[in-house]
Amino acid sequence: MKPFWIYYQKEMLEASRTYKWIWVPAVFLLLGIMQPVSTYYLPEILTMSGEVPPEAAALFTIPSADSVMASTLSQFSTIGLLVLVLAWMNTVAGERATGTAELVLTRTVSTLPMMGAKWAAMMTLMLVSFALGLAGAAYYTHQLIGPLEWGAVASGGLLYAVWLAWIVTLVLPLGAVLRGPAAAFISLGTAAALSLLSGLLPSRFQWSPGRLSSMAAEWMLGAGAGAWAPVIAALLIMLLSIIAAAGLLRRSPLSPQS
């Protein structure tokens with residue numbers, strides 16, 4: 001437990017020194033606030049643009065509060081997910097490139113606590129940033145558009161956090177064998193592929209964690225179905241990713257480009 005805690009403190013300190021604790025939560029908060037504010041003021045924005053007649057802008061109806069919260073998740077699915085993956089793509093690949101991993105592994109230490117600590121640091125930053133963004137979206141939606149069903153918001157947000165978590169975790173094993181940009185690209189591509197297959201073949205991919213993002217939006221709308229299979233699959237992927245990353249780093253502590 002002591003090596004895990006030491007590595008965890010190291011990762012958190014590095015995240016602070018690289019200002020991840022400032023810009024990542026700031027991006028999520030901005031994304032969360034933008035959706036309800038832009039939805040509420042969209043008729044005025046269209047009118048002021050001069051390209052839409054006032055009569056046409058007046059026909060725009062503001063969606064329900066639950067719909068606005070569900071659509072907010074799509075903001076996190078694009079820019080928010082990209083920010084998270086880019087923030088952590090070098091968490092393993094960077095140490096391999098600089099030789100830090102080889103220096104650590106010259107001692108009789110296990111790579112599993114190291115990977116577990118990296119994963120815990122990633123999840124800490126992700127959960128804090130996502131919670132801040134979701135809270136900002138919920139506050140402005142409640143103030144501008146209408147009351148919310150807070151239980152549905154919380155359950156949908158928790159389900160969506162699991163979806164974010166398994167995608168970001170893929171950076172660990174990929175970064176243990178690839179350079180940072182390649183690890184980020186493949187992790188995002190894997191998420192996109194599973195989400196696409198889940199939509200095209202829903203009956204065959206009931207278990208796919210790629211369904212969690214759409215299911216989270218459905219839960220916020222009060223029409224969610226059971227999500228045990230995708231959640232269990234996501235948790236297994238995260239566990240296997242940590243174990244695989246530890247084994248791959250032990251075998252290849254140095255990047256080929258080093």
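The values are calculated or read from the model by the stated rules, or taken from the named source; none is laboratory data. Computed from a prediction, not measured in an experiment: that's the story for all the values here. Here the Cβ is made from the backbone with ideal geometry for all residues, glycine too, and neighbour counts use every protein chain on show. Calculation scope for accessible area: heavy atoms of the full protein, side chains included, ligands and nucleic acids excluded. Shrake-Rupley method; radii C 1.70, N 1.55, O 1.52, S 1.80 Å.
The order of the peptides 5-14, 205-214, 233-242 by mean Cβ neighbours within 10 Å, most packed first, is 205-214, 233-242, 5-14. Along each principal axis, taking the top coordinate minus the bottom one, the Cα set of segment 104-258 gives 58, 35, 25 Å in descending order. Once every DSSP H run of n ≥ 4 in the chain is given -39500 (n - 2.57) and the sum is divided by its residues, what mean residue ellipticity at 222 nm do you get, rounded to the nearest 500 deg cm²/dmol? After summing the helix terms and dividing by residue count, I get -24500 deg cm²/dmol.
For segment 168-247, give the percent of accessible area contributed by carbon and sulfur heavy atoms, probe 1.4 Å, rounded to a whole number. Taking all protein chains in place, segment 168-247 shows 76 percent carbon and sulfur surface. Put a dot 7 Å past the Cα of residue 235, heading toward its Cβ, do the same for residue 64, and the two dots end up 3.1 nm apart. Extending 7 Å from the Cα toward the beta-carbon at both residue 26 and residue 1 defines two label points whose distance is 3.7 nm. Hydrophobic long helices, here whole DSSP H runs in the chain with Kyte-Doolittle means of at least 0.0 and Cα atoms spread over 18 Å or more along the helix axis, are found at 20-40, 111-144, 150-169, 180-200, 228-251. With protein chains left intact and a 1.4 Å probe, residues in segment 138-258 average 49 Å² of accessible area per residue. Taking the average, over residues, of other Cβ atoms within 10 Å as the packing measure, peptides 16-22, 140-146 rank 140-146, 16-22 from highest down. Using the Cβ-Cβ distance between residue 9 and residue 243 with R0 set to 25 Å, the FRET efficiency from 1/(1 + (r/R0)^6) comes to roughly 0.65.
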